[in-house]
Structure formats: C-alpha cells, structure tokens
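Working notes, structure below.
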Amino acid sequence: MREADTIRQGPPAPAPTVAATAAPTAAGRHHRRTDEQRAADRARLARRGEAAARVLLPLFVVAALLGVWEVVVQVQKIPHYILPAPSLVLETLVKNWASLAPALWFTLRLTLMALGLAVVGGVLLAMAFALSKWVEISLFPIAVLLQVTPIVAIAPLILIYVDSTTAALLICAWIVAFFPILSNTVIGLKSADSNLRDLYTLYGATRWQRFRFLLVPSALPYFLGGLKIAGGLALIGAVVAEFTAGSAGRNTGLASRILESMFRTEIPMMFAALLLVSLLGIVIFAVFAALARLLLGHWHESEMSREP
C-alpha cells in the first residue's frame, strides 16, 4: 500500500537551489534601491523648485507692482516732477550713470569700511565680555547708550569735532552697525552647552581649544545673524550721516545725489539714486545670507534644507 501511495503521489519535489532563493532577494534590493533613488530625485526636484520659487515669486510681485505704477502714471498723466514712471526712472539711471556710479562706489566703500570696523571691534569686545564679567559690566552700558541714541543727534557733533568729513561719516556708520555684532556675538559665546563646557573641563582642554572647538561654533550662527542686520544698518548709517553732513561735490555718495536732486527738483534723479541705495542694501543682505548658508548649511538647523 505504501508503495502504491508513493507511486500515485509521484517523486518528491526538488529542493530550491541557492540561485532560486537569491533571485527574489536581489530583485527586492533592486526595487528598494530604485524607490530610494526615485525619492531622492523627487526631493532634489522639490528643493530646486523651492529655490526657484524663492527667486521668481518676489520678482513677479515686484514686476506686478512696477507695472501697476507705470499704468497709473500713464493713465492719470501724473507729471514727472510729482511721480515719475518706472520707465523714466530707469532711463534717468542710464543717462546719469556717469555721475551715479562714483557715488554708488563711495557709499559702498563707506558701508563696507564701517561694517569691517564693526565686525573687528564687536567680535573683540564680545570675546572680552565672555572672558570677564567685570569688563562686560563696565563697558556694556556704554555700548547700549550708543545704540539707543539716534545717529541723527550724534552726527552733527561728530562732524564738528572731526576734521575729515569722510572720517566723520565712517564713525557715524560704524556706531549704527557696531551694536548688533557685539550683542549677537556675546549671546552666541554665552550659549554654549554647559554639559560640553564641563566635558572640556574634565578632559583638561586649554582655553584655545575651548574657544576654537566649543565657543566659536556656538557663536557663529548668532554672529552671522548679527552680520546680516549690521550690513543694512551700516548702509543706513552712511546715508543718514551724509544727509546730516549735507556735503556736495564729486567725492560724495548717493545721499548727496538725492539732496542735489531735491534742491533742483529733479525727481526722476532722486528716484534713480534711491533705487541704487535699495539695490545695494538688497545685495549686501543677499551676500551675507549666502555666506550664512555656506557656513551653516551642512550642520546648523537654521540653514539646513529640510526634506518635504
């Protein structure tokens, strides 16, 4: 009977080979890699789309506003000495570029010099504050006093006491840009993790090692945030100081061109100089924002790109 049953059931099924069992596993791994690649491609495209939207959407809004401005001026026939059309402002900018370009360079140079002095002075003083609380207690109120006092009130005194007009303008712009660098850097130096501080003490780290590997990475995001603020403030300080000085001539900035245009009732020229001031401020902010993204994008949460 057993032999008959064996004959009816047929021979036993062969055991699966190694190649037969490995084939589905390899296929599954291939599918998983393909899915991961597709997800990475989608994430990459999403990041590119977001980056393009960050640029195109503001440009679209600005273009729409300029278009409305142009249409309103043309339809209402508003005189150019009251409100010039954007096309006239652009035409004036091109025609008077020979006089506006040196003024733009003067304002840019003054802004960068003031910002450089603010960075050097603010960082050094912040380091002194972080190392000694008595230095902070003694000098921080003076820094606050310079910050809260309007630059328009200080500028006439500086222009009286300083012989060089350029040096006076530089001091005014430096005063405005100095405090954000100092304040943000001090906060960053003090925000280092206390547990990491104890760890560095436990391992006997030197002051330089503590500063280089703990305090600098902790303060860098705060410093860059203050730098983006100080860049715009330095430009504002330079323009306001030049307005207060009321200087005129060849070696002057965009503020002087605005004042000259106001006295001569050349409103399109005023708008052209104002446009250059605005574009300069945007470029300064964009440069420092790109610098922050370059230095912090691979490790700090504030600049890291998140997956959608």
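Quick look at the values:
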| read-out | value |
| --- | --- |
| Tally of residues being in contact (Cβ under 8 Å) with a residue 12 or more places away in the chain and not hydrophobic (A, V, I, L, M, F, W, C) across the range 71-88 | 5 |
| The range 175-212 - residue that is open to solvent by 70 Å² or more (accessible area, probe 1.4 Å) and within 23 Å of the chain's Cα centre (by Cα) and, of those, farthest from Ala118 (Cα to Cα) | Lys190 |
| Residues that are free of Cβ contacts under 8 Å to residues at least 60 places away in the same chain and buried (at least 18 other Cβ atoms within 10 Å of the Cβ), drawn from the range 118-142 | Leu125, Glu136 |
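Conditions (1) in contact (Cβ under 8 Å) with a residue 40 or more places away in the chain; (2) more than 26 Å from Val287 (Cα to Cα), marked per residue:
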| site | (1), (2) |
| --- | --- |
| Ala39 | no, yes |
| Ala46 | yes, no |
| Trp69 | no, yes |
| Thr92 | yes, yes |
| Lys95 | no, yes |
| Leu100 | yes, no |
| Leu108 | yes, no |
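The values are calculated or read from the model by the stated rules, or taken from the named source; none is laboratory data. What you see is a predicted model, and the numbers here were worked out from it, not measured in a lab. Neighbour counts are summed over all protein chains in view; Cβ atoms, including those assigned to glycine, are modelled from backbone coordinates with ideal geometry. Note: accessible area is taken over every heavy atom of the protein model, side chains too, but ligands, DNA and RNA are not part of it. Shrake-Rupley method; radii C 1.70, N 1.55, O 1.52, S 1.80 Å.
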